[in-house]
Amino acid sequence: MSEENREKLALELERKAYKLRIMELEMMRDSEASGHYGGSMSVMDILTVLYFKVMRVDPHNEDWEDRDRFVLSKGHACNALCPVLAEKGFFSRDILPTFNKLDSPFGMHPDKNKISGCDASTGSLGHGAPIAVGMAMAGKYLKKDYRVYVVVGDGEVAEGSNWEAIEIASHFKVDNLCATIDRNKYSLDGSTEGPGVFKEGGIEGTMTLEPIDKKLEDFGWHVIKCDGHDFIQLMGAYDEAARTKGRPTVIIADTLKGKGISFIEDKYEWHYGQFTPEQYKTAIDELTATLKRLEQKSA
Amino acid sequence: MAEISSFTMADLADVTTPRDVFGKVLIELAREDSRIVALSTDLMLSTKLKDFAKEFPGRFIETGLTEQATVSMCAGMASCGLIPFFATFAAFATMRPCEQVRTDIAYPKLNVKIVGTHAGLSMGPGGTTHHATEDIAIMRSMANMTVLVPSDMIQTVKVVKSAAEFEGPCYIRLIRGAESPIDIYQSVEECPFEIGKAAVIKEGNDVTIIAAGAPVVQESFVAANELEKEGIHVRVIDMASVKPIDKEAIVKAAEETGGIITVEDHNIMGGVGSAVAEVVVQERPVPMKLVGVPDVYSTLGPPDELWAKYGLNSSSLIGTVKDFLKKTK
Ligand SMILES: Cc1ncc(C[n+]2csc(CCOP(=O)(O)OP(=O)(O)O)c2C)c(N)n1
């Protein structure tokens, strides 16, 4: 792809990501749901690049055995995943406002049994990476050329099951696996880095990750660091992952919790919550203004 | 501030859920006993340990998302003389570190208190991953484990206090409680809770309902009072101490009322109903009906609607009692 086309595509994806953020908020507003705003906004650009550039999936053939697999291990960002799957064509966006309602397929966490296009039921943190390692190893055994993508939260990385999966993937040189860490610097109780003390209502240092790049390299993974809101960098990172042979790849995507909605950006307090009707309006207005700016830029 | 043992609803005016009560009472207990420490795996805000963390910086330990290691750590701490209280969602307190609880804490009878919040269906829209409908069965099946399931605010005060006061492993089950279940008890002095003892909260001799925890104790109580108006006299037993269970109260209910209906926000397999049935079949067999989640993975939705869906609200229970009486009497 020429550099010019790449930039065009990056801009197109960025517009899509803002459109999806708006779709998400409309879904939550219309269903009067509370939810995980911070982590769904930080991960939206990553999901957009995966679903609209990187992954081979077919919404008309959701069980296609050669499809790339995707696991949203930080399942609490289901409110980001649902609009993405709808936009991709797995189901109509008209049913999104059932979110969190009785017997809806869509709720706080993705349900593989109920959501078309969803490959794993997650929400209990620390399950996604090992599931993804299994999918990738099955692909090798079955001589399939699909790839497996898993997105893990940075707070979630602490789970011991992840470190077991990290060892196994490297031990078996599982190179059809690409993990992404949504490095938004916050967990639920506060920031991941720090001495582990109570400060201003939260915890400064829920569990130290750094130097996470060195740790993962030492565990035998190919490590790529990138700006998780820069579409050129994200596309480049996934290309590099696909070219990497003999070991699994992890992309440490530097992100902003709450990205795109300034009153929640970089605030752990907005990990989970409920917007008032006014807050929905303020947020949707801001996202719409950003989308307009991006449209003008591409025109 | 009054002593915990004389708390009334007025002392709980500043809090809204049993989880808040847990956080508040633990602070009071920790002021008196320096061995008490609290641990959180990235859910301090949800389990209401925030004020504890603020007041006791050196005694609050945030370990991030590390449930398994944290449970084993609690064992280590208890073996060196501390009294660790570890709180997280019930699903993650009982399933992820299940073996650590059993082998590291229950087997050596260590003095660790595990508090599972957001239990049963109370995490409504959280769905299957966050519903905890197996926790009572899991914890109850471990020898040496005490299992306490309080229903309202005042009873939670007493349960947390009792848990701190006896030496040994204990699981306390709390619901999310965002919908503020009605208060059965008005003051700690009036609340008859004791480990191993059931409380009869309504007399009656036609049939007995045995329930544990919110909202099912409340819903059973409301249903029984409605039925009373129709001349059906239902005894209601609050079985907050699920283990050890009050055999005497169960046998007495079987003898005097001739039938028992159990109600729980839990799978009907292995929970409160099973615990009661184990006593009934061995000591005084009478007809029983177990009401709960019917061995399925519960669907998602607002908690009230889920409780109604699985027959746990008062209006469903009224019908259940009438059917039961028709079939058995
Ligand atoms: C095993 C488990 N423990 C606790 C939780 C509750 N919980 C939901 S999200 C979250 C914080 C996750 O932080 P992070 O992985 O950094 O996600 P992000 O900041 O991207 O939203 C916690 C503790 C859970 N879902 N699973």
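The values are calculated or read from the model by the stated rules, or taken from the named source; none is laboratory data. From a predicted model like this one, the values you see are computed outputs, not experimental measurements. Using ideal geometry, Cβ is built from the backbone for each residue, glycine included, and neighbour counts are taken over all protein chains shown. Quick note on the areas: whole protein, heavy atoms, side chains included, nothing else; ligands and nucleic acids left out. Shrake-Rupley method; radii C 1.70, N 1.55, O 1.52, S 1.80 Å.
Some values worked out for this structure:
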| read-out | value |
| --- | --- |
| Given (1) within 17 Å of the chain's Cα centre (by Cα); (2) more than 14 Å from chain B (Cβ to nearest Cβ); (3) outside any helix (DSSP H, G or I), index of the condition A:Leu188 fails | (2) |
| Selection status of A:Phe172, touching a residue at least 12 places away in the same chain (Cβ under 8 Å), within 14 Å of another protein chain (Cβ to nearest Cβ), out of contact with any Pro (no Cβ under 8 Å at 6 or more places or on another chain) and more than 13 Å from the ligand (Cβ to nearest atom) | no |
| Any chance B:Thr47 is assigned to a loop (DSSP other than H, G, I, E, B), more than 16 Å from the ligand (Cβ to nearest atom) and more than 9 Å from chain A (Cβ to nearest Cβ) | no |
| Flag if A:Ile166 is within 16 Å of the ligand (Cβ to nearest atom), open to solvent by 10 Å² or more (accessible area, probe 1.4 Å) and away from chain B (no Cβ under 14 Å) | yes |
| Residues (more than 11 Å from B:Val160 (Cβ to Cβ) and either outside any strand (DSSP E or B) or under 19 Å from the mean Cα position of the chain (by Cα) (or both)) located in the stretch B:8-18 | B:Met9, B:Ala10, B:Asp11, B:Leu12, B:Ala13, B:Asp14, B:Val15, B:Thr16, B:Thr17 |
| Selection count where residues are within 14 Å of B:Ala254 (Cα to Cα), touching a residue at least 40 places away in the same chain (Cβ under 8 Å) and assigned to a helix (DSSP H, G or I), scope the stretch B:276-314 | 1 |
| Subset of the stretch B:188-209 that is closer than 16 Å to B:Arg235 by Cα and not in a strand (DSSP E or B) - its residue that is most open to solvent (accessible area, probe 1.4 Å) | B:Glu203 |
| Any hit, the stretch A:99-112, residues being open to solvent by 10 Å² or more (accessible area, probe 1.4 Å), facing another protein chain (nearest Cβ under 9 Å) and touching a residue at least 60 places away in the same chain (Cβ under 8 Å) | yes |
| Residues (within 11 Å of chain B (Cβ to nearest Cβ) and open to solvent by 10 Å² or more (accessible area, probe 1.4 Å)) located in the stretch A:121-148 | A:Ser121, A:Ser124, A:Leu125, A:His127 |
| Some residue of the stretch B:33-43 being among the charged types (D, E, K, R), more than 11 Å from chain A (Cβ to nearest Cβ) and in contact (Cβ under 8 Å) with a residue 12 or more places away in the chain | yes |
| Meets criteria (in contact (Cβ under 8 Å) with a residue 40 or more places away in the chain, small (Gly, Ala, Ser) and within 21 Å of B:Ala119 (Cα to Cα)) for B:Ala253 | no |
| Residues of the stretch A:240-289 that turn out to be within 13 Å of the ligand (Cβ to nearest atom), of a type outside the set (A, V, I, L, M, F, W, C) and part of a helix (DSSP H, G or I), as a count | 2 |
| Odd one out for B:Lys243 among (1) surrounded by fewer than 24 Cβ atoms within 10 Å (Cβ to Cβ); (2) out of contact with any helix residue (DSSP H, G or I) (no Cβ under 7 Å at 6 or more places or on another chain) | (2) |
| Filter result (more than 13 Å from the ligand (Cβ to nearest atom) and not in a strand (DSSP E or B)) within the stretch A:147-163 | A:Arg147, A:Trp163 |
| The stretch B:68-118, residues that are open to solvent by less than 40 Å² (accessible area, probe 1.4 Å) and among the aromatic types (Phe, Trp, Tyr) | B:Phe85, B:Phe86, B:Phe89, B:Phe92 |
| Residue under evaluation A:Ile95, criteria (1) surrounded by fewer than 24 Cβ atoms within 10 Å (Cβ to Cβ); (2) more than 8 Å from chain B (Cβ to nearest Cβ); (3) closer than 26 Å to A:Asp254 by Cβ, criterion not met | (3) |
| Meets criteria (open to solvent by 10 Å² or more (accessible area, probe 1.4 Å) and within 8 Å of chain A (Cβ to nearest Cβ)) for B:Lys54 | yes |
| Output for the stretch B:57-107, where each listed residue is away from chain A (no Cβ under 14 Å) and among the aromatic types (Phe, Trp, Tyr) | B:Phe85, B:Phe86, B:Tyr107 |
| Unmet criterion (only one of (1) within 20 Å of B:Gly177 (Cα to Cα); (2) open to solvent by 50 Å² or more (accessible area, probe 1.4 Å)) for B:Arg284 | (1) |
| Candidate set: the stretch A:191-232, residues that are within 11 Å of another protein chain (Cβ to nearest Cβ) and of a type in the set (Val, Ile, Thr); chosen: the one surrounded by the most Cβ atoms within 10 Å (Cβ to Cβ) | A:Thr206 |
| Matching residues, the stretch A:21-48, being farther than 20 Å from B:Pro125 by Cβ and either outside any helix (DSSP H, G or I) or of a type outside the set (Ser, Thr, Tyr) (or both) | A:Arg21, A:Ile22, A:Met44, A:Asp45, A:Ile46, A:Leu47 |
